[in-house]
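Working notes for the structure below.
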Amino acid sequence: MIRLVTAAAFALALALALAAAPAAALSLRPDVTVGEDVVRLGDIFSGGGDKADVALFRAPAPGTDGIVSTDRLRQAVRRLGLAWAPPYGLNQIKVTRAAVIQKGTVALATIARRLALAIADTLPGARTVEDLAVTLAPDAGPVYLKGEGAHELDIVRLDIDPRRGSFEAAIEVTEAAGASTHRFSGEYEEYVDVPILAADVRRGETIGPEHLATIRTGRGEAALAAAMDDIVGKAARRYLRAGATLRLSDVEDPKVVERGQLVTVTFERPGMMITTQGRALEAAAAGGTVPVRNLSSNRVIHAVATGPGRVSVGIIGPTHLAMN
């Protein structure tokens, strides 16, 4: 299992931003059991495709932990032609290698996955086992079989509390020597895809699809994040770093008129259009109202920004005509 070394919220462990299209499908696994002598790309990330089986590091001894710095992980991934950026403040992760499983037992990882499948089927909406991370209670232990032959697992009772994200279950293990029932409890976390920045974005820069990747994060954290459609085409209110999960407060409509900019002012009325030059006294997005100083009359008028460097006063009357 991989756990954050820092005390940051668990969802931040998923905020590994991807800086290139080939890496956009990578997603850090929230709960991984390493059972071999090496740690492979697929042990850490989902979405590795044909590179998932590539070994990255030596694994710690069975039943022990090992620390991997995010810089070392980034270099290892880069050698595979992929790229990603760790979230701000995350500089290392802990890799836990499972203890050697004795013969005649059912591993806790197997039980957790079976429960995740059942919970995914029970929750409303379309979900898969990849949408959930199941954590068994600390006192949970492996199921010891009576023999070493074939066996089957059946969930005979499953009670979930969506509000708390908890569950209680009874699992029946059937084998040649007979059947036994085992009870488990624990918690589950739902994960959804949210957009994050795959590259740094400067203040005022318009965000396009090329700036974004997706990660899986807890539903609670995702509720605070902006949707993809609410981000694309918007401008950054401030400098935003790669790996950031965006909120609506981080973006705004792009400015088409900047403060102090010379603009073309259009006065319109049926059958007539007059243009002149003005200087914008404030910045404005398309459709926004902006005060403009008419350079011909030195009067300040309020116009509507219609495009880059262009504003319109709309239907004019005698006062506006006099201003020209």
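Derivation of every value follows stated rules applied to the coordinates shown; laboratory data play no part. Source: prediction; values computed, not measured. Cβ: placed from backbone, ideal geometry, glycine included. Neighbour counts: every protein chain shown.
Take the Cα coordinates of segment 177-314, assign each an equal point scatterer, and use the Debye formula without solvent to give log10 I(q)/I(0) at q = 0.09, 0.14, 0.17 Å⁻¹. The Cα Debye sum returns log10 ratios of -0.45, -0.74, -0.88.
For segment 118-178, the mean projected area of the C-alpha convex hull, equal to one quarter of the hull surface, is 5.4 nm². Only aspartates and glutamates eight or more places from K51 in sequence, or on another chain, were considered; those with a Cα closer than 20 Å are D31, E36, D37, D43, D71, E130. If you take the alpha carbon atoms of segment 87-219 and fit the smallest convex hull around them, that volume is 168 Å³ per residue. Here the dipole of segment 255-322 is about 100 debye; that uses its Cα centre as origin and unit charges on the Cβ of Lys and Arg (positive) and Asp and Glu (negative). Computed over the alpha carbons of segment 255-322, Rg followed by Dmax gives 10.8, 31 Å.
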